[in-house]
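The next block holds one structure in the form of structure tokens; read it before the comments.
Just so it is clear, none of the values below were taken in a lab; they were calculated from the coordinates. Small disclaimer: the values here were computed from a predicted structure and weren't measured. Note: ideal-geometry Cβ built from the backbone for every residue, glycine included; neighbour counts use all protein chains shown.
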Amino acid sequence: MSRLNKAFVILGGIGIAFLFLPIFHIFLNLSFQSLLNTIKDPEVINAIFTSLKAAFFAVLLSFALGVPIGFLIAKTEFPFKKFLETCINLPIAIPHVAAGIALLSLFNSKTLVGRLFQFFHIGFVDTIYGVIIAMMFVSFSFVVSASIVGFSSVDEDLELVARSLGASPGYTFFKVTLPLAFPSIIRGCILAFARSLSEVGALLIIAYYPKTAQILVYERFEEYGLNAARPITAVVIVASLFIFLTLLYLNYKFFQKRTDVKG
């Protein structure tokens, strides 16, 4: 092994330890009884279910709105395209407490958007809709970026062949372009789902209730301290890890199936 490889192994080992030691340490300081009591706690179960439900709808909305944007950016030319692509990634850079304040300001304003939601009596403050919107705001960029990558990787010759054989633009999109870009889009949706589950800052501002798992962890720590927060933190980590790995596995199986079919 060269000196460069040895140096990279050492640095890589330090990086991996930095990521995993805090997680392992949480479980080392837990008793089985405290973990069992947390699993049986109805408030914990409801909070985890609320997080999963809100994250699912946040990703669903991001998919419905983000895929068309990704397609337009990847496949068409229009003024300020690069500027738009940059702005779409802006929520990643904005402090998420600031994002929550921005959303709250919009929905409580007398602007057209604010009046529209008020007219239909759609409340966002401390409602499940607020949770979904906050999660969507911080994760939307992942779906759009993945869609851009996916659609950009589709060979235009395949689309042109479909069109030359009489296929309409809509048929070509749904039968040729979207299926080929779908693996990348799904990976973006998985990242958006994971990002939604980890959001706290915007939720603290716009939707403290109904309590999500991440808010409940924060609340237990604030009210009862580190020892009280450890069990629920462990449960949330395990649940999140299980869901994330399951989604990655399903995505891998889907992508592998497509690769086998192509082969």
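Descriptive notes on the structure:
- Sorted by Cβ neighbour density within 10 Å, fewest at the top, the residues Glu199, Glu159: Glu159, Glu199
- Extension gain (nm, one decimal) between Lys82 and Phe56, 0.36 nm per residue minus Cα-Cα: 6.4 nm
- Shown for His25, His96: other C-beta atoms within 10 Å of each C-beta, ranked fewest to most, produce the order His25, His96.
- Peptides 136-148, 214-226, ordered by how many other C-beta atoms sit within 10 Å of their residues on average, highest first, read 136-148, 214-226.
- Here r is the Cβ-Cβ distance between Leu30 and Asn5 and R0 is 25 Å; the resulting FRET efficiency, rounded to 0.05, is 0.10.
- Mean Kyte hydropathy of 0.5 or more with a Cα span along the axis of at least 27 Å, helices from DSSP in the chain: 3-28, 42-75, 128-152, 178-198, 226-262
- Take every pair of alpha-carbon atoms less than 8 Å apart whose residues are at least six positions apart; their mean separation over the length of the chain yields a relative contact order of 29 percent.
- A straight chain from Ser152 to Ala64 at 0.36 nm per residue would run longer than the Cα-Cα distance by 29.8 nm.
- Spin-label pair Phe18/Ala102, simplified geometry with 7 Å Cα→Cβ offset, distance in nm: 2.8 nm
- Within the chain: Cβ-based charge dipole about Cα centre, in debye rounded to nearest 20 (Lys, Arg +1; Asp, Glu -1): 400 debye
- Here the calculated FRET efficiency for Ile45 and Leu250, from their Cβ-Cβ distance with R0 = 25 Å, stands at 0.55, rounded to the nearest 0.05.
- Charge-dipole axis of segment 31-262 as Lys and Arg at +1 and Asp and Glu at -1 on Cβ define it, positive-most pick from Leu61, Leu226, Phe174: Phe174
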